[in-house]
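Shown next, in structure tokens, is the structure this report addresses.
The values are calculated or read from the model by the stated rules, or taken from the named source; none is laboratory data. Keep in mind the model is a prediction, meaning the values are calculated, not measured. Every residue, glycine as well, gets a Cβ built from its backbone with ideal geometry; the counts of neighbours run over all protein chains shown.
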Amino acid sequence: MTTINKDEVKKIADVAKLTLSEKELDEMTEHLRSFMDFAAKIDELNTADVERTTHVLKEQPVALRDDQAKSSLTQDEALKNAPEHKDGHFKVPSILE
């Protein structure tokens, strides 16, 4: 049985910047203990004859199209519906002070 205690859960919560009540700490400790026990059971399985899997589905080569150059919007066309623009760029409200 894997042991995880309340102090370890507190450390994990602190790193994750979570504030947990005593009841939540108890519940989370039980959840994590249960999860760790389940992981330990999986670890006991004999997987020597199991082929490794990198993907759950059989990978098939994807047919990709060749890149083709196409004309795009001109700068004036791109800016024509912008509420504000300056020097050929979109002007947006500053988010930094």
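Looking at the structure I just gave you, is T2 at pLDDT below 90 and surrounded by fewer than 10 Cβ atoms within 10 Å (Cβ to Cβ)?
When the stated conditions are applied, T2 does not pass them.
Considering the stretch 18-69 alone, what residues qualify as being within 19 Å of T3 (Cα to Cα) and small (G, A, S)?
S34, A39, A40
Quickly run through the stretch 54-97 and pick out the residues that are touching a residue at least 12 places away in the same chain (Cβ under 8 Å) and surrounded by fewer than 10 Cβ atoms within 10 Å (Cβ to Cβ).
G88
Just the residues that are assigned to a helix (DSSP H, G or I) and among the small types (G, A, S), please, taken from the stretch 67-97.
The one that is assigned to a helix (DSSP H, G or I) and among the small types (G, A, S): A78.
Here's a check for you: in the stretch 5-53, which residue that is part of a helix (DSSP H, G or I) and polar (S, T, N, Q) is surrounded by the fewest Cβ atoms within 10 Å (Cβ to Cβ)?
S34
Between a first residue in the stretch 27-49 that is farther than 21 Å from K10 by Cα and a second residue that is among the hydroxyl-bearing types (S, T, Y), which pairs have beta carbons less than 7 Å apart while being 6 or more apart in sequence or on different chains?
A40/T2
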